[in-house]
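The values are calculated or read from the model by the stated rules, or taken from the named source; none is laboratory data. Quick caveat, the model's predicted, so the values are computed rather than measured. Note that each Cβ is placed from the backbone with ideal geometry, even for glycine, and that neighbours are counted across all protein chains shown.
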Amino acid sequence: MTTTTLEEQIHGGHGAHPEEVDYLRAKRGIWSWMTTVDHKRIGVMYMVGTLLGFLVAGVLALIFRADLMTPDSELGRELYNKLFTLHGAIMVFIFIIPAIPAALGNFFLPLMLGTKDVAFPRLNLMSFYVWVLGLIVLLAAIIAGNLDTGWTFYTPYSIKSNADGSGNIAPLVLATTGAFILGFSSILTGVNFIVTVHKMRAPGMTWNRMPLFVWASYATAVIQVLATPVLAITLLLLMLENVFQIGIFNPAWGGDPVLFQHFFWFYSHPAVYIMILPAFGIISETISVHSKKHIFGYKAIALSSVAIAIISFLVWGHHMFVSGQSEFAAALFSFLTFAVAVPTAIKVFSWVATLYKGVITWNASMLYTLTFLFTFTIGGLTGIFLGALSVDIHFHDSYFVVAHFHYVMMGGTVIALLAGIHHWFPKMFGKMYNEGHARIGVILVFIGFNMTFFTQFMLGSQGMPRRYAEYDPVFQPYHVISSIGSFILGAGLLWTLVYLVMALKNGKKAPANPWGAASLEWATQSPPIEHNFHETPHVDTDPYNYPEIDRTAAKAHH
Amino acid sequence: MSTAHVGHEAALGHDAHGDGHDHAAHPPHLRHHFDNSGQQESAAKLGMWIFLATELLMFSGLFLAYFVVRSNYPEMVLEAHERLDKILGAINTVVLIFSSLTMALAVRASQTNQRVQARWYLLVTILCAMTFMVVKYMEYSAKIEHGTLPGRFYAEHVQDLAAGVEGTLDRWYGGYQLFFGIYFAMTGLHGIHVLVGIGLIIWIMWKNEKGAYSSEYYTPVENVGLYWHLVDLIWIFLFPLLYLVK
Amino acid sequence: MSADAKVYIKGRAADAHEAHHHVMPISTYLKVFGALMVLTVLTVVVSYLDLGPLALGVAMLVAVIKAAAVIGYFMHLKFDTRFHTFVFLSTLLFVAIFFTLTFFDLKTRDMMNQTWDSHAYARDAGLDQKPALRDTRPLTAEEIEHLKTHGHH
Amino acid sequence: MTGLFFLADASGKGFWMPPAASEYAEHVDALFMFILVLSVLFFVLLMGLTGYFAVKYKASPTNTRSSPVSHNFKLEFLWSAIPTVLLVVIFAWGFRDFTSLSATPADALELRVVGQKWNWTVSYPKLDRECTSNSSAKGENVVDFYVPVDRPFTVQLSSQDVLHSFWIPAFRVKRDAVPNRYTGYTVTPTRPGIYPVFCAEYCGDSHSQMRGTVHVLTKEEWEKDFLGTDKCKLDPKAPDYKPKLFAKYGCNTCHSVAAGRAVIVGPGLHGIYGKEEPTSAGSVKVDDDYIRESIEYPSKKIVTGFEGKNMPSFKGRVTEQELAALIDYIKSLQ
């Protein structure tokens, strides 16, 4: 069994194999999909599921964005509270935490590592069904009625059972059970990825020859495994608080609501790094491939992913500067928050440096990557305002915070997801999409996104609190601009869905390596065969050696 | 990979992550995506240790809640834990540590190809686990009868013979519901883990009877062993904190 | 890298049975079990002495020793690849982070207020008898009296 | 550079923030401006480079070879060290101003603010004044309270039920009101005027209606228009003192006093004094003790049929003298 070197496989050398049946057509029928243990199919199922969640939560956002165009609330305050709670809960638990790791991560981790599948394929399928179960339980909570606590479930408002035991606790208990189950799915994905990266790398692929998307997915998996159990116990204690009123978080019985915030944010801040680290991984891939230039500062980016994974566990208190937490603890958390900002800054600088002297193709994936640099940098910089203690006292729980986390989560993770989808669409589905259509999508999304959320910075600094169904008329102009922007953004995303689905049906057949990339997933046919590689690939270079790199001058630099 | 496996594992909740027990090409237990059994075994072991990490972190939340309540209301915690039966707690500790021993010997037996010995050790482990649950049931029923329960269910009948006083404490006057909230959360969650452990060991015993395990392939036994030792480990910390500490 | 080496572990060619099986003699297991029993008896006995604040420290120390025994021998961590020990210890590190930063907040609350001490303020405003705090302390004499007269079942 | 001047000037006129009306606000605006200028500089630098590289090194027949440079230790060190230093400076600056919120000078005016599902009550313990909220046309519960300019005042926050947060954007100050705990801050208003106050911590259905207005008065206005008058003051000798007291604590929002005992939220109180009421703890005679206990511990003996109404406890807010007045008032409802 000869192992062809990566070079030959990429450029269809003599070792190229005739087209075998790909994973989509290898088995037929719904049952083959429902019982598949192929990491690629599970990735596709996750992608479809999470994007559906994104669609639903996005429509909810458009509904209350329309309502916010006028100072009074047409929906009514109770319905508004329920809508923003659902928007938050669905976006965080169902969409954005599994989206990149479980969809693109599941699909491309084994391919990039040059192995046949993840370490525990059946556990992988189980994690998908646990996700589906969690989704159903959360939907049951929505139907059960008044879930209006916000996705943060702060006590004592989230303790719905009264002193004498009456009170409708069903929606709250169902929602926490749903989030508990979804957390479990996240843990299973994390365990799978860590073991796969440790134990199943292709021969010759040392840690420094792994693609940066794999590094980012590894760091994300570490956070998922270390943080999610604490969410599980927090939700369990909240359930016990509602059912038995044990009183740990309920001040009426001697508990401490700030303790609940410690428990909650110990998970939820690392969770925001679960959301953004895979996005960093995608951007490191796309920016290097589409500028045909070795990624700048590979070691710095790889190590900063792991550094973020660790430091992210030290900073959760910056969500609680005004919560009555001790001022000394607030100071410590503020200092550590600035420590976690440095690795992120290093990454952004390295990406911009990668563009220097590259051969940059302006395709859809690159345009989304450049958009990411624009929006994520704004998101990151505004994080510094919120990290500074005195300024955060003013900005906390205002629209400034809403704008910041949308710039980081939507401007970061969702734009990177779009960049990743456009980068890997040919490999996943074997079809090419229309670049012209994609360009319209990028423009719409860029304009809509910035219009929606940049105005919210000023709303927040002017004094508009979060989660307000009705507000002072003085803020109305900002809200009108923001709502119009959100409709443009909605249109842009809908248009993206349309042309991608169109491309699925009648797109051109995609070649094995449309972008001339150098990492292992492009060394197999598009879409890949069920066992990914005809023979185990042998790796002897890192995944960023493009033929376009001018070797002659290379000797002088290395 | 027949569907039976998938449903079977999902039903068990978080199963032992050594899922290499189906019948691909030679050797029988090697799964297709692994290059050799060494790689598969180390992968399963690492997966199990990471899963144990998540269990540890989950229980750490409960221990933190205990220490916070203890630091906020020290006298209340010290008085409340007088109501726990030290003897029953001690018995449970001995039973659980003994089951940990027999589990370790079961793993050793299957490592050294002694399937029959493994069967008996596993059986003893299950019996010890069940004794643990029975003792727990006795403790819980005593508490329900005395009314020392969490939250609004708390209504303890007080008979202070020295002060010649009798009456019912409830959470308005001097009730210890906060402590018993933590007590039932910790021991309840631990009890559930013991029950899941019993289920896993029975599954391992059944597979052992069918001759699945040998010195060539015993990863599932080892992983269930690791899980069981973790359950014992948590009780080793639970017992002094809840029952003993003055 | 010999061309026909079929088997690779972590990027290095390896022989088929990479993982050697470590088997301990039964006597070691029994010795460890004996030690655990002694420690259990010790911790129960110590709990009857009145050590005051030291009690928690001693109990935790004994528990840690017992835990180390179980992890080291019963779970084979002493003879296992060092990465598993690393995973275990880093988990304890994150548990420690969670504990220390949360307790740092709990213990230094309201300490920064230079002249205004919220507890003093509460006391002279007669507000220190917060319903919850008062509930969880033991019964005072007059409450017992109240219970005797109004004892409600 | 003109952009930077525009930014600096714009914030003066309240482009970014409402005009600063307290010492603390001036410090916050200064740090805000410092971070804003740095952020704009870094952002313009980064986006300029990105745009320039994207255009200059676009793939074209002439540009087909890319540079092999893949790392540069000196550059990477610089762009790690410089941000770290700047961030430490920002932290120190932020921390210094933050501590000023906790330093309470001796002559500070003490305000006790109590948050309750969905209105604020601001009381002056030393001046025996209590400003309660009244609902505006749009259904907002607005509490108007008054503070003198250029004199620090301390807000002592607590909550009766869930988390609330007392945010005065013009002063840039905010702190959560936590049940069973006292949190707060000290701030010195510097500009007379009327500034809005919001509840910033989500607290349920009418979270957006929980408002307030702080009136910063000049020295003369403070003496004449507040101390001189009986604003926010309840005169015990006035004939309508008892019903006003009944309204001050919001009893009227849940209990009717008219004949017929109409149920608003809780039971009607007309003619109940001396009657036997069925409660969760057996039937109880409505006497002074029961009224006192229901005001301090409402959930102990709930009149059957009113479980789950979750009446807040007024223990610690109603003074002994006011409690006696309320009991007399209920006694008088025959």
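Just a yes or no: is a residue in region B:75-82 part of a helix (DSSP H, G or I), at pLDDT 90 or above and surrounded by fewer than 23 Cβ atoms within 10 Å (Cβ to Cβ)?
No, region B:75-82 contains no residue that is part of a helix (DSSP H, G or I), at pLDDT 90 or above and surrounded by fewer than 23 Cβ atoms within 10 Å (Cβ to Cβ).
What number of residues within region B:50-80 are under 16 Å from the mean Cα position of the chain (by Cα) and hydrophobic (A, V, I, L, M, F, W, C)?
Adding up the residues that qualify gives 9.
If you take the residues of region B:208-246 that are among the aliphatic types (A, V, I, L, M) and not in a helix (DSSP H, G or I), which of them is modelled with the lowest pLDDT?
So the residue we want is B:Val245.
For region B:96-133: of the residues being outside any helix (DSSP H, G or I) and in contact (Cβ under 8 Å) with a residue 60 or more places away in the chain, which is nearest to the other protein chains (Cβ to nearest Cβ)?
B:Thr112
When the residues of region B:126-154 are narrowed to those that are among the polar types (S, T, N, Q) and closer than 16 Å to B:Arg83 by Cα, which ends up surrounded by the fewest Cβ atoms within 10 Å (Cβ to Cβ)?
B:Ser141
So, in region B:174-188, exactly how many residues are within 8 Å of chain A (Cβ to nearest Cβ) and either over 17 Å from A:Phe249 (Cβ atoms) or out of contact with any Leu (no Cβ under 8 Å at 6 or more places or on another chain) (or both)?
The number of residues fulfilling the criteria is 1.
Return the pairs, sorted by first residue and then second, in which the second residue is of a type in the set (Val, Ile, Thr) and outside any helix (DSSP H, G or I), the first residue lies in region C:49-67 and is at the interface with chain B (Cβ under 7 Å from one of its Cβ atoms) and surrounded by 17 or more Cβ atoms within 10 Å (Cβ to Cβ), the beta carbons are less than 8 Å apart, and the residues are 6+ apart or on different chains.
As it stands, the answer is C:Ala55/B:Val245; C:Leu56/B:Val245; C:Ala59/B:Val245, since those pairs meet every condition given.
Is there any pair linking a residue in region D:68-94 that is closer than 18 Å to A:Ser334 by Cα to one that is outside any helix (DSSP H, G or I), with Cβ under 9 Å and at least six apart or on different chains, and which?
D:Ile90/A:Ala388; D:Phe91/A:Ala388; D:Trp93/A:Ala388; D:Gly94/A:Ala388
Is it the case that region A:283-301 has a residue that's within 18 Å of the chain's Cα centre (by Cα) and either within 14 Å of chain C (Cβ to nearest Cβ) or without any contact (Cβ under 8 Å) to a residue 24 or more places away in the chain (or both)?
no
Say whether the condition of being more than 14 Å from chain D (Cβ to nearest Cβ), more than 30 Å from D:Phe95 (Cα to Cα) and not in a helix (DSSP H, G or I) is met by at least one residue in region A:406-421.
no
Across region A:248-271, what is the number of residues that are facing chain D (nearest Cβ under 9 Å) and under 19 Å from the mean Cα position of the chain (by Cα)?
Selection size over region A:248-271: 0.
Out of the residues in region A:245-278 that are of a type outside the set (A, V, I, L, M) and assigned to a loop (DSSP other than H, G, I, E, B), which is farthest from A:Pro98 (Cα to Cα)?
Taking the candidates together, the pick is A:Gly254.
Might you let me know whether region A:20-33 holds any residue that is over 28 Å from A:Lys427 (Cβ atoms) and either more than 26 Å from the chain's Cα centre (by Cα) or surrounded by fewer than 16 Cβ atoms within 10 Å (Cβ to Cβ) (or both)?
Checked region A:20-33: no residue is over 28 Å from A:Lys427 (Cβ atoms) and either more than 26 Å from the chain's Cα centre (by Cα) or surrounded by fewer than 16 Cβ atoms within 10 Å (Cβ to Cβ) (or both).
Examine region C:17-33 for a residue that is touching an Asp or Glu at 6+ places or on another chain (Cβ under 8 Å) and modelled with pLDDT of 90 or more, and state whether such a residue exists.
No, every residue in region C:17-33 fails to be touching an Asp or Glu at 6+ places or on another chain (Cβ under 8 Å) and modelled with pLDDT of 90 or more.
Tell me, which strands (runs of 3 or more DSSP E) lie completely within region D:112-229 with 3 or more residues that are at pLDDT 90 or above and more than 29 Å from D:Tyr297 (Cβ to Cβ)?
Passing ranges, in order: D:141-148, D:183-187, D:193-199, D:210-217.
Filter region C:77-89 for residues that are at the interface with chain B (Cβ under 8 Å from one of its Cβ atoms) and either assigned to a helix (DSSP H, G or I) or within 20 Å of B:Ile236 (Cα to Cα) (or both) and give the result.
Within region C:77-89, C:Phe83, C:His84, C:Val87, C:Phe88 qualify.
Checking the structure you have, find out if any residue of region D:257-265 is on the phi > 0 side of the Ramachandran plot and not assigned by TED's automatic domain parsing to the domain that holds D:Arg181. Full working, then the answer.
Going through region D:257-265, the residues on the phi > 0 side of the Ramachandran plot turn out to be D:260-261.
Okay, now just the ones that are also not assigned by TED's automatic domain parsing to the domain that holds D:Arg181, so D:260-261.
Yes, region D:257-265 contains at least one residue that is on the phi > 0 side of the Ramachandran plot and not assigned by TED's automatic domain parsing to the domain that holds D:Arg181.
Answer yes or no as to whether B:Ala104 is farther than 30 Å from B:Leu169 by Cβ, hydrophobic (A, V, I, L, M, F, W, C) and surrounded by 17 or more Cβ atoms within 10 Å (Cβ to Cβ).
yes
Could you list all residues from region D:93-122 that are more than 9 Å from chain A (Cβ to nearest Cβ) and of a type in the set (A, V, I, L, M)?
D:Ala103, D:Ala106, D:Ala108, D:Leu109, D:Leu111, D:Val113, D:Val114, D:Val122
Taking A:Met451 as the residue in question, decide whether it is modelled with pLDDT of 95 or more, closer than 21 Å to A:Met409 by Cβ and in contact with a helix residue (DSSP H, G or I) (Cβ under 9 Å, 6 or more places away or on another chain).
Details: modelled with pLDDT of 95 or more: yes; closer than 21 Å to A:Met409 by Cβ: yes; in contact with a helix residue (DSSP H, G or I) (Cβ under 9 Å, 6 or more places away or on another chain): yes.
Yes; evaluated as a whole, the condition is true for this residue.
Suppose we filter region D:171-186 for residues that are more than 8 Å from chain A (Cβ to nearest Cβ) and under 17 Å from D:Trp118 (Cα atoms); how many remain?
Residues in region D:171-186 being more than 8 Å from chain A (Cβ to nearest Cβ) and under 17 Å from D:Trp118 (Cα atoms): 1 in total.
Check whether at least one residue in region D:21-30 is surrounded by fewer than 21 Cβ atoms within 10 Å (Cβ to Cβ) and over 30 Å from D:Arg191 (Cβ atoms), and report yes or no.
no
Yes/no matrix, rows are residues, columns are (1) surrounded by 23 or more Cβ atoms within 10 Å (Cβ to Cβ); (2) out of contact with any Cys (no Cβ under 7 Å at 6 or more places or on another chain); (3) within 14 Å of chain B (Cβ to nearest Cβ); (4) not β-branched (Val, Ile, Thr):
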residue	(1), (2), (3), (4)
A:Ala66	no, yes, no, yes
A:Leu125	yes, yes, yes, yes
A:Tyr129	no, yes, yes, yes
A:Val132	no, yes, yes, no
A:Ala140	no, yes, no, yes
A:Asp148	yes, yes, no, yes
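One residue is enough: does region C:36-50 have a residue meeting the conditions assigned to a loop (DSSP other than H, G, I, E, B), farther than 25 Å from B:Val77 by Cα and at pLDDT 90 or above?
no
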